[in-house]
1. Go ahead and run the numbers for FRET between B:R125 and A:M136, Cβ-Cβ distance against an R0 of 25 Å, rounding to 0.05.
2. Over all distinct Cα pairs, what is the inverse of the mean 1/r for segment A:42-197, reported as the Kirkwood hydrodynamic radius in Å?
3. Name the chain B residue nearest the rotation axis between B and A, going by Cβ position, and give the distance in whole Å.
4. Beyond 32 Å between alpha-carbons counts as too far, so tell me which of A:K53/B:K53; A:K3/A:K53; A:K53/B:K12 fall in that bin.
5. Tell me which lysines have Cα within less than 28 Å of B:K189's Cα, excluding those fewer than 8 residues away on the same chain?
6. Under the convention of a label 7 Å out along Cα→Cβ, give the distances in nm from B:P146 to the same position in every other copy, shortest first.
7. Determine one quarter of the surface area of the Cα convex hull of the protein assembly as shown, which equals its mean projected area, and express it in nm² to one decimal.
8. Using a label point 7 angstrom from Cα along Cα-to-C-beta, what distances in nm, from shortest up, separate A:G51 from the other copies?
There are 2 protein chains.
Amino acid sequence: MPKIGMEPLRRKALIDATISTIGERGTLNVTVAEIAGRAGVSSALAHHYFGPKEELLQATMRQLLADLGRDTVSALRGAATPRERVSAVITVNFNAGQFREETVHAWLAFYVEAQNSPLLRRLLRVYARRLHSNLMSGLLPLTSRPEAERMAEAIAALIDGLYIRRALRDGLPNPASATSLVEDYVDAKLERQANAP
Amino acid sequence: MPKIGMEPLRRKALIDATISTIGERGTLNVTVAEIAGRAGVSSALAHHYFGPKEELLQATMRQLLADLGRDTVSALRGAATPRERVSAVITVNFNAGQFREETVHAWLAFYVEAQNSPLLRRLLRVYARRLHSNLMSGLLPLTSRPEAERMAEAIAALIDGLYIRRALRDGLPNPASATSLVEDYVDAKLERQANAP
DNA sequence: TTTTGTTGATTGATCAGTCAATTAAAAATA
DNA sequence: TATTTTTAATTGACTGATCAATCAACAAAA
């Protein structure tokens, strides 16, 4: 039953299946056959469209990054003040879309895989740099550059750390509490600066 | 050349080899043969002493936890005040012994693997609980219980997050800067409480 | 001679990746 | 319009490689 123009649909289905498979199993050790099966096609077709497995994984990671990027841009659009920009960046990362258990597991698995795969590593650095610069754009008007750098680093670490903890314990930090934890850090730092300059 | 009493030596050598192999390769996807080879024995011997591979991994994780636990106890012994207890816990985690790239990679890999293995998961929770309670013992005399809980959660997330970032970028957060980042958070929080109770 | 240490060889399972073959839609040709 | 040809979609069957795990056999210490 070959319909024409299936390629984009299949690619998307395969990438989605990759995320959900990795998310459910909590590891990148998933077979192409399982992913393909979940997407409703044969493993041969997955290889037909993506070539080696590694490429499917890379495409999946790009999708995750693209989703996060889109959400971030959209959130920043609504931020009027620098402080709001910082909040927007924080909120996006604990969004319903990003902070799903499935997605969190996938991120974590990719972090590990990035240790071996230069390309995945590069993709992750793109994400890290983007996060950093988004945070800096909000922080620089609020404090000195060294302090802003330090805060951006801490916020990024808090986000990553809360992801890990979310993956480990079953959902202990929910989106709201995770967000408030990071916001609380930002407030504490800014207040201290206001009180004792 | 079978000397007697080799078992403990071989076990230790195999566990050490497991850590360094995982650390270097950055993944738990290492073969028993490679680990055994690094320990200077055959893969058959590894199975002889540990049975299935999973058990070797568990033993390795227990070793990592035990090392961290030992370091922590020793660091806490020298802490006179509650605030010093908090510092001691933080410092230990970014210790030369714990924060080696090899160890960091191994921890990260185990975090991922814990998603599938109930036993590894349980071991990680032991670590998390111990960290939490150690932090609380220092924080409770300094602030209210809810605030202490929140701070302990944030400190733990910061530690985990800095580990991840260490694994990703090549060594950006060195022990000293990682420590000072977390200490800075603690100071900011405590000062805020002192200023506006 | 019993126990402990040790390994080479082997087995069985799992998987990524390939390929030839099949179907049907689309395009070209008559 | 009717046909032939090309192209896209799809898979089952297969191959080759990798590895965990086993086992029989051997060496040396007790």
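Only the coordinates and a few stated rules stand behind these numbers; no lab work does. Keep in mind the model is a prediction, meaning the values are calculated, not measured. We place every Cβ from the backbone using ideal geometry, glycine too, and count neighbours over all the protein chains shown.
1. Efficiency, rounded to the nearest 0.05: 0.10.
2. Kirkwood radius, segment A:42-197: 16.8 Å.
3. B:G161, 2
4. A:K53/B:K12
5. A:K189
6. Values, ascending and in nm: 3.6.
7. Result: 22.4 nm².
8. A:G51 label point versus its equivalents elsewhere: 4.4 nm.
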